[in-house]
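Following: one structure in structure tokens, then a few remarks.
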Amino acid sequence: MAPLPGAELVQRPLQLYRYLLRCCRQLPTKGIQEHYKHAVRQSFRVHSDEDNPERIQQIIKRAIEDADWILNKLRPISAVEAPLRSPAAPLLQKPEGDGRCPSGCV
């Protein structure tokens, strides 16, 4: 399954570039978005001299598959999948008393 509609229409490198940048906008945080935008740009620089049409199609297919994998891996957890309470919740509760002496020693 493609991460965004239109993946099946990507045939040329420029279309792939724009498609992958749109995929980056779907990522959960700005830091992750910038990381993958940088990776997309670097990858295009590395492959800019590729002129074999079969190899270009192979790269396009693989890039779309990789984008799908990344988006599925980094998608936000839905409320149904999230635990109702964190296992560390009891540890984060404020201790009783004024906090100066454990177990009310004075």
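The values are calculated or read from the model by the stated rules, or taken from the named source; none is laboratory data. None of these values were measured; they are calculated from a predicted model. Note: ideal-geometry Cβ built from the backbone for every residue, glycine included; neighbour counts use all protein chains shown. Ligands, DNA and RNA are excluded from the accessible area calculation, which covers all protein heavy atoms including side chains. Shrake-Rupley method; radii C 1.70, N 1.55, O 1.52, S 1.80 Å.
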Scope the stretch 10-43; condition touching a residue at least 24 places away in the same chain (Cβ under 8 Å), surrounded by fewer than 14 Cβ atoms within 10 Å (Cβ to Cβ) and over 18 Å from ILE60 (Cβ atoms); matching residues: PRO28, ILE32
The stretch 48-82, subset open to solvent by less than 100 Å² (accessible area, probe 1.4 Å), more than 21 Å from GLU8 (Cα to Cα) and not polar (S, T, N, Q), residue modelled with the lowest pLDDT: ALA79
